[in-house]
1. Skipping prolines and chain starts, which residues have an amide H placed within reach, meaning under 5 Å, of the one on Leu236, given they are 5 or more residues away or on another chain?
2. What residues qualify as long-range amide H neighbours of Arg164, i.e. H under 5 Å apart, gap of 5 or more or another chain, H built at 1.01 Å from N?
3. What ranking of Ser271, Ser213 emerges when the number of other C-beta atoms within 10 Å of each C-beta is taken as an exposure proxy, fewest first?
4. Just to check I understand the Karplus step: with θ = phi - 60° and J = 6.51 cos²θ - 1.76 cosθ + 1.60, what whole-Hz values come out for region 156-163, glycine and proline as x?
5. Is the shape of region 128-245 best called rounded, prolate or oblate, per the rule: a/c under 1.5 gives rounded, else a/b larger than b/c gives prolate, else oblate, with a ≥ b ≥ c the square roots of the Cα gyration tensor eigenvalues?
6. Which cross-chain or sequence-distant (5 or more) residues have an amide H under 5 Å from the amide H of Leu329, H modelled 1.01 Å from N in plane?
7. Stretch Val285-Gln305 to full length: gain in nm at 0.36 nm per residue minus the Cα-Cα span?
8. Sticking with the crude label model, points 7 Å out along Cα→Cβ, report the distance from Val102 to Glu205 in nm, one decimal please.
Amino acid sequence: MPPASGDATTSSASAGALSHATGMPPASGDATTSSASAGALSLLTVRLVYTDVEPDYCDEACAAEGMFGSVSAVGGAKMGSVDGLLRESSYGAVSFDESLSVVVSVEVQRAVMQEADGCHPEEAREEADRLLRIRGIEPLEYSLREYFVPRQFGSCLWGGHAPRFGCLALPSPIDCYIFVRDPHPVTRAHELGHTLGLHHAWTREGGEFGDDSSVMGGSRHWKGFNAPNRFQLGWLPLQSIAEVGVPAPDDGAAEAARIHVIRSLHLPPNSCCAASSALRLRGNVPELWVSYRERAGYDEDLPEQLGFRVMVHALRQDDGGLYHGTTLLAVLDHNESYLGENHAIHVCSRRRCAPESASGGGAAVLAVAEGAMSAQSAVSACLGLDSDALYALYAPDSDTAGASLAEEGAGSMVPLRSMLGGTLGGAVLFAVAAGLTGVVLWGRCRAWPACRRRCRRHARPPGPATRN
């Protein structure tokens, strides 16, 4: 992971933009990690204390608190831990056992390496392991080891480093370790992702670490792993993924758009909020994944432009079918669309789950269409929703309006007016259709017991374009 500019203590730091430096070295071969180790793991945290300098940005209590306690990340509102993030993102499938984990400092009886000496973390690890064995601690007995080194550590520029790519994804992890050189707990989570077999989260404009919605990006605020990463690691059950296929190559007409409801990604796959946790759009190169992210759980600190949004990610693969990271292609608000190679996605609305739902949270209602006329089909499907569909998930969230990210990738993000022709006549047609839809819904709502109270609060029919 690249270094954060303006690093400070975990509780009060406010890291700025990340400088692009030597992050993770490229792995020679990525592999699907659906067999990522399940169950509780053990952790050995080692602080390397030299005669002239030590990792004073994080003492033993700080290291333990960041992994198992409750700390903020770069001054955000969310209080959490690396283990908590892992538990939420894996829906309880993977975690570290605090009773099996140890934090220890080892005193290295020499000065730290200087910049002219280069960057040699492996030499430091071997020396630390030797000192640990003298004290009766066997490093290889732990599922994962992390070595905290001083900020001044030779010519090393990374904030974190994971040389054993995919080691924790093995059925029986052995000799699995990472290096840490900054105080942020999300750096540890990022390097942990590499040991599970994950590559960096890109954007086309922001580069290799540009996706601020993913742990595998470069920002240090709390957030969960993205949907394609959770699929890679086997955390999303197949029954929680709605798959959309490829249109027939000789069929120029679009198939009827289908409505999908996807729950916020932080909610467990078995929650009653919606039928699916993510959409998988096959037939695109690379494969596309669609998810909904609320500012809740470990996503509480998502930037405003990313929270309560539908995200379209590309899951990159090489010619051999091995995964090589993700790219964030679009972030969609309600009434916005993404045009992909074979599909169009339109966000109809965002909905709160039923108040009595134990999981709480919310979901997004999407229309997905295929074929040459997919854009118009997707918009029409949203406009055609009747009150039974629109009110199945109760009232929309009205406090999450905001801008969306710019278009990029093979597809593009298109305003609703453009999808209807971009002309004044198209805009008028949409306004008429929206108004008629609102009138129909107004009449249906008055007879719908679950929303009579809401009907009385409105002075006129709510048009779909005004819903948040």
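1. Phe231
2. Tyr177
3. Ser271, Ser213
4. Per-residue couplings from phi come out as 5, 10, 6, x, x, 8, 10, x Hz.
5. oblate
6. Under 5 Å from the amide H of Leu329 lie the amide H atoms of Val312, His313, Ala314, each far enough along the sequence or on another chain.
7. Details: separation 20, 0.36 × 20 = 7.20 nm, distance 2.65 nm.
So the chain would gain 4.6 nm between Val285 and Gln305.
8. Between Val102 and Glu205, the simple spin-label model gives 5.0 nm.
Any read-out appearing in this document is the output of simple, stated calculations on the displayed coordinates, not a laboratory observation. From a predicted model like this one, the values you see are computed outputs, not experimental measurements. Neighbour counts run over all protein chains shown; Cβ positions are idealised from the backbone, glycine included.
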